[in-house]
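Novice: After the structure tokens below, expect a handful of questions from me.
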Amino acid sequence: MQPVRPSSASVRPPEPPVGRSRLSGQVVWGLGLLALGLVAPMLAGVAACSPTVATGTRAVAATSVDLPPGPPVPEGGLPMPVFESDWQPPSAVAGDAQALAAALATHGRVGLAIDPSLSEAGSLDATHLAALIGKLAPDTAVHPIQADTGVPLGEVVLEDPPLSPTVESDGHTRWATPASLRLDAERLQSWAALGDEAVLLVGPVGVDVGTWRELASGTVGSCEPLFGRILEGQGESLTLLEPFLDYADDVLGRIYLAELAAVVPELEAELEAA
């Protein structure tokens, strides 16, 4: 083969002769570049390592390789994390329903009085609120008081009760009233005589604007316990999968080395004959 000097035009590899494989043509082209003093080692290496392209349905030769035994199959399959833990999704709260449930649970029966302004606005009614109390304190009986007309809060609590909120460490906001309030004792006694020694009064109460603005929004719950369980399960699964990944690497390495052992001598022979 005679070396061809490059012209000002871009150098293009010669077409491989008929009957020669594409791989041979690539090797010859690599030798031509080597004779020209170009960067032949890198290009010749790329050409030599390029696989022969199979066309159509022609069979491709493969080297037989003895594969090592694989790892044992895990007993019981991959592990699943246990999600039965004490957690709840994060949510914003404006009060403490748990404290209300605990207070209601101390009574076998409570009277329920709702301010009519709430019923008229469609916010609450005795039936829905009684059902809610039943969920908070299922062992406490609820007795609606004046369910048709309602009970104005101002007729029982004779002063506007100042509320002082505090956000506890658990994220709940607890609202406190003064230790003593002016109440309609006569009405409370009449309710007690009818069996309602404890009464739940539901009605609107004003909150000082400054106090409301200074109050941080309370949140409860977190997804961290759930995420922790998921990460634990993923770690256990990866530990079981690691031997199979190592086995796959071993198999691919053996096949690759076997193919190289068969191809490299042929390439060396073609280079020597060129």
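Please treat every number below as a calculation from the coordinates, not as lab data. None of these values were measured; they are calculated from a predicted model. Here the Cβ positions follow ideal geometry from the backbone for every residue, glycine too, while neighbour counts run over all protein chains shown.
Novice: How do 78-85, 64-71 rank on mean C-beta neighbours within 10 Å, highest first? Don't jump to the answer; show the numbers that get you there.
Specialist: Numbers: 78-85: 11.5, 64-71: 9.6.
In decreasing order of mean packing, 78-85, 64-71 become 78-85, 64-71.
Novice: Starting from the 7 Å offset along Cα-to-Cβ, what nm value, one decimal, do you get for the label separation of Val263 and Ser222?
Specialist: Here the answer is 5.5 nm between the modelled labels.
Novice: Further question: Over region 95-217, what is the mean sequence separation of C-alpha contacts under 8 Å (at least six apart), divided by residue count, expressed as relative contact order in percent?
Specialist: Values: 172 pairs, mean separation 41.2, N = 123.
Reported relative contact order: 34 percent.
Novice: Residue separation times 0.36 nm, minus the C-alpha to C-alpha distance between Ala105 and Glu155: what's the value? Let's see the in-between values first.
Specialist: On the way: separation 50, 0.36 × 50 = 18.00 nm, distance 2.62 nm.
Computed gain between Ala105 and Glu155 is 15.4 nm.
Novice: Another question, then. I need the calculated FRET efficiency for the pair Val251 and Ile230, taking r as the beta carbon distance and R₀ as 41 Å, to the nearest 0.05. Intermediate results must be reported in sequence, preceding the final value.
Specialist: Values: r = 31 Å, r/R0 = 0.76.
The calculated FRET efficiency here is 0.85.
Novice: Another question about this same structure. List the residues whose amide H sits under 5 Å from the amide H of Leu200, counting only those 5 or more places along or on another chain, with H placed 1.01 Å from N in the peptide plane.
Specialist: Gly111, Leu112, Ala113
Novice: Region 95-217: Rg/Rh from Cα coordinates, Kirkwood Rh? Mind showing how you got there, number by number?
Specialist: Working: Rg = 15.0 Å, Rh = 15.7 Å.
My calculation puts Rg/Rh at 0.96.
Novice: With label points built 7 Å along Cα→Cβ from the Cα atoms of Arg174 and Glu84, find their separation and express it in nm.
Specialist: 3.3 nm
Novice: Tell me which residues come under 5 Å, amide H to amide H, from Ser222 once H is placed; ignore anything under 5 positions away on its chain.
Specialist: Gln88
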